[in-house]
Amino acid sequence: MQEGFPNACDFNPGIDDTEVNKIFKFIPDSADRITVIADDLIGWFDGGANIIGYDNCSSTYNASTSNHRDLRPNYCPTQTYRMTLDKEPEDEDVVLWSGTRYIDRVYVMQYTTVENTPPYFNLSRYHKTIPDHSDIDFSIMDFYFNDTDYADWFVLVKPEHDADPYFYYDTFAKSVHVKDRLPHIIGTQNYVHEFIVWADDSCYNRVTGTVTITSFNGNDLVFPFQPPTFPDLPKRISISESKIGALYTFSVNDPSYGPDNIICQYERAIPNSESHKFYIAGKTIYLYNNATLDKDLNPEYEIVISCNDGTDTTVTFLKIEITKEITDSEAPPDFVLIETGVIFAATFIAVVINVGAVYIMMMNSLVITP
């Protein structure tokens, strides 16, 4: 951090005879230190009192030339100015400079600077992984530089390559964003990008930061390499044992840009001994023509399906519960209404339960006619 002297009147109200030819040293606090760069003007405010020593000089003293010999050194400054303020300045005031140049005085001032500390790049992560179908302007990560110098600042922060086709740096938010559609190559799971940003501090020290951004063929970070997806596939369906041909049609999505061409195939059935009964055509599960379903033999099947988008394969399961269809021969026996009356002093009534079935309810007995 470079040091400079603050307003001299803060520590010396004036110079008296006893202070002539003496050196006064002032070290500003850390909070008062400033950054000094080329072409800065260093000055002081004295409220009208002369608090900085000076000597008169003559600007007519010129260096010797082939036609003129003058060995007196010319100490007269060429960049010393004076201006009058309308009011006493305060901290952080900004004053438009309109001073007149002093050419006949040499002021005695010495200032010392310390070496500026270069900024540094220190992030918790230098690698980021995102889906290859991330939206444009998607915020990938924070990206910033650090500087331990008080009052130092970054005069320029920009990407190494302004024409990076996929990413850009937001200097206000200090973050990296998706600039355009990311590359999606069928058969390639990952695409690795290198993003570089450099920054100059106020003393023109430059620091460079590099992060690696990997775009992948996937739809989430937990299972990054498992497209395609099955958006509406239930865990279980019910099918009558009399069903033949097409049993169920499902849908498949590919979250990657494209979308990719997805091919699905039937892997097997559980129990494995029943695998020969099923097949998949397109996105539909079929039962072979010579195959039948029987709830009594196998009340449930589990179908294993795999779908591939050219890069990754997703495997899923569908349980099929077999339901039994009631036929006329399996209907319950007919019940015949008998004459209303009293049997063994037990009162009974006729109750219609189902069409074609009449039940005779008695106090503790049911009369059934086969």
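The values are calculated or read from the model by the stated rules, or taken from the named source; none is laboratory data. Because the structure is predicted, anything quoted here is derived from the model rather than measured. For neighbour counting, all protein chains shown are included, and Cβ atoms are generated from backbone atoms with ideal geometry for every residue, glycine included. Just the protein is used for accessible areas: all its heavy atoms, side chains included, with ligands, DNA and RNA removed. Shrake-Rupley method; radii C 1.70, N 1.55, O 1.52, S 1.80 Å.
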Roughly how large, in nm² to one decimal, is the mean projection of the convex hull of the alpha-carbon atoms in the stretch 88-128? 7.7
5 Å-binned pair-distance histogram of the stretch 112-202 (Cα, whole percent): 3, 11, 21, 21, 16, 10, 7, 5, 3, 2, 1, 0, 0
As a test of reading the structure, rank Glu302, Glu321 by solvent-accessible area (1.4 Å probe, protein chains only), most first. Glu321, Glu302
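For Asp294 and Lys243, compute 0.36 nm times the residue count separating them, minus their Cα-Cα distance, and round to one decimal in nm.
Contour length minus the Cα-Cα distance gives 17.3 nm.
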With a sphere of radius 12 Å drawn around the Cβ of Ala173, what net charge do the other residues whose Cβ falls strictly inside it have (Lys, Arg +1; Asp, Glu -1)? -2
Extension gain from Glu160 to Arg105, taking 0.36 nm per residue of separation minus the Cα-Cα distance: 15.0 nm
